Amino acid sequence: MNLPGLLTQPWPWYVAGPAVGLVVPLLLLLANRPFGLSSNLRHLCAALPMRGTYFDYDWRRVGGWNLLVFGGIALGGLLGGVVLGDPGPVRVAASTQAHLQALGVVQGDGLAPAALFGWQAILAGPGLVFGLVGGILIGFGTRWAAGCTSGHAIMGLASGQWPSLVAVIGFFAGGLVTTHLVLPWLLPALLGGTP
Amino acid sequence: MTLATYREPGDATGSRTESMSAPRGVARFVLVGAYLGLVLTKAEVVSWYRIQEMFRFEAFHMYGVIGAAVATAAVSILLIRRFGIRTIDGDDVEIATKEPLWRRGLFGGTLFGLGWALTGACPGPIAALIGAGSTGYLVVLVGAVIGTMLYGGTRHRLPH
């Protein structure tokens, strides 16, 4: 195995997990800031600028640092997905592939199905509604919960905070409902497969 | 180690001394973000397929990533507390405690979970995916901003 091959193949959980966890002490020791990314959605609204007390604060001073992290993540995505990108489809479990295929998802190259998140699907309408509804749930839900996977599941659980455990239980409850109760009829309806 | 009471930004102003002046401040945040984005993308944590696989309990991968991340972060925080490790600027490390509320986590968390499994992305991965060339996720980002606006306008009527 040559070095480029090692870098471009998908990284295993025992490399990626600790590497993600290290972001917590990095942010604490470099800048005394808590790991948590969904507050950036609020900072974006404040920067737009939205009216209302929830968005009436100095977003540069409070959230400027976190928006820089957010932008940095996009740069990292460019590095990991394009420069060191792994060509070909994501190799998920065979049972997952078979299930998704039966729902009408044709798995091509890339991290997400083009039939849902590609520009052709978006401009045709279904992808636009799918992405917007999903995004609205993410924005509304994470701000109501005051955190997401980073702020609650990683930062909150790691610092032993019970409200974060409640939130993570909610995250999984919602995810299970979508995957097991919503997508089995929504995907065939959108993509023309059979449930 | 100081335990400050959790406040959302905007509720509290001037609660901490600012040291984010200039290039060094900017560079460290962008670099930490780029490092995170690289790891999230290379581990396929940002992949819609991986999220479906996780919620169908058909592979250990995502549980391994999240579990190992929590464990690594927990041990790091334990060491920082145990040995009183300070920031590079010489300050005490501050970790705010979350508000002792459960309704917002349960109800808001469940709504977020619905969207997480629909899009296969949480807020960080949205940025990573856009950078990785899945620019259709700009739609998800716009949706998330709209959702945040809607929360800002209705939160006084929601249980927390």
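The values are calculated or read from the model by the stated rules, or taken from the named source; none is laboratory data. Since we're looking at a predicted model, the values are computed, not measured. We place every Cβ from the backbone using ideal geometry, glycine too, and count neighbours over all the protein chains shown. Heads up: the accessible areas ignore ligands, DNA and RNA and are worked out on the full protein's heavy atoms, side chains in. Shrake-Rupley method; radii C 1.70, N 1.55, O 1.52, S 1.80 Å.
Mind putting together the pair-distance distribution for segment B:37-151? All Cα pairs, 5 Å bins, whole percent per bin, short to long.
The percentages, shortest bin first, are 2, 9, 14, 16, 17, 17, 13, 8, 2, 0.
Using heavy-atom solvent-accessible surface (probe 1.4 Å) with all chains present, what is the largest-first order of B:Lys42, B:Lys98?
From most accessible down to least: B:Lys98, B:Lys42.
Compactness ratio of segment A:1-85: Cα Rg over 2.2 N^0.38 Å, N = residue count? Could you put the intermediate results ahead of the total?
Working: Rg = 16.7 Å, N = 85, 2.2 N^0.38 = 11.9 Å.
Ratio of Cα Rg to 2.2 N^0.38 Å: 1.40.
How well do other chains shield peptide B:83-89, expressed as the mean number of their Cβ atoms within 10 Å of each residue Cβ?
Across the residues of B:83-89, the mean count of other-chain Cβ atoms within 10 Å is 3.
Counting only other chains, what is the mean number of Cβ atoms within 10 angstrom of the Cβ of each residue in peptide B:91-99?
5
Starting from the Kirkwood Rh over alpha-carbon pairs, what translational D in µm² s⁻¹ does segment A:92-195 have by Stokes-Einstein at 37 °C and 0.692 mPa s?
On the way: Rh = 15.4 Å.
It diffuses with D of about 213 µm²/s by this estimate.
When the Cα atoms of the protein assembly as shown are enclosed in a convex hull and the volume is divided per residue, what value in Å³ results?
So the per-residue hull volume is 129 Å³.
Please list 3J(HN,Hα) in residue order for segment A:76-86, calculated via the Karplus relation 6.51 cos²θ - 1.76 cosθ + 1.60 where θ = phi - 60°; whole Hz, with x for glycine and proline.
Listing the rounded values in order: x, x, 4, 5, x, x, 10, 5, 9, x, 8 Hz.
Would you kindly find the accessible area of A:Ser164, with a 1.4 Å probe and non-protein molecules such as ligands, DNA and RNA excluded, rounding to the nearest 10 Å²?
Its heavy atoms expose roughly 0 Å² to the probe.
For n ≥ 4 DSSP H runs only, could you compute -39500 (n - 2.57) per run for chain A, divide by its residues and tell me the 222 nm figure to the nearest 500? Provide the component values of the computation, followed by the final result.
Working: 11 runs with 117 residues, N = 195.
-18000 deg cm²/dmol, from helical runs alone.
Search the structure for amide H atoms under 5 Å from the amide H of A:Gly110, placed 1.01 Å from N in the peptide plane, and list their residues when 5 or more places away or on another chain.
Under 5 Å from the amide H of A:Gly110 lie the amide H atoms of A:Gly88, A:Val90, each far enough along the sequence or on another chain.
How large is ³J(HN,Hα) for each residue in segment B:107-116, as worked out from phi by the Karplus curve 6.51 cos²θ - 1.76 cosθ + 1.60 (θ = phi - 60°), to whole Hz, x for Gly and Pro?
Here the 3J(HN,Hα) series is 6, x, x, 5, 4, 4, x, 4, x, 4 Hz.
With θ set to phi - 60° and the Karplus curve 6.51 cos²θ - 1.76 cosθ + 1.60, what are the ³J(HN,Hα) couplings of segment A:140-146 in order, to the nearest whole Hz, using x for Gly and Pro?
Values, residue by residue: 4, x, 5, 6, 4, 7, 6 Hz.
Per residue, how much space in cubic angstrom lies within the convex hull of the C-alpha atoms of segment A:80-121?
For segment A:80-121, the hull spanned by Cα atoms encloses 73 Å³ per residue.
Can you compute the helix-only [θ] at 222 nm over chain B? Use -39500 (n - 2.57) per DSSP H run of at least 4 residues, normalise by all residues, nearest 500 deg cm²/dmol.
Mean residue ellipticity at 222 nm (helix-derived): -18500 deg cm²/dmol.
Once the Cα gyration tensor of chain A is diagonalised, what are the square roots of 5 times its eigenvalues, in whole Å and ordered largest first, as equivalent ellipsoid semi-axes?
Listed largest to smallest, the semi-axes of chain A are 30, 24, 18 Å.
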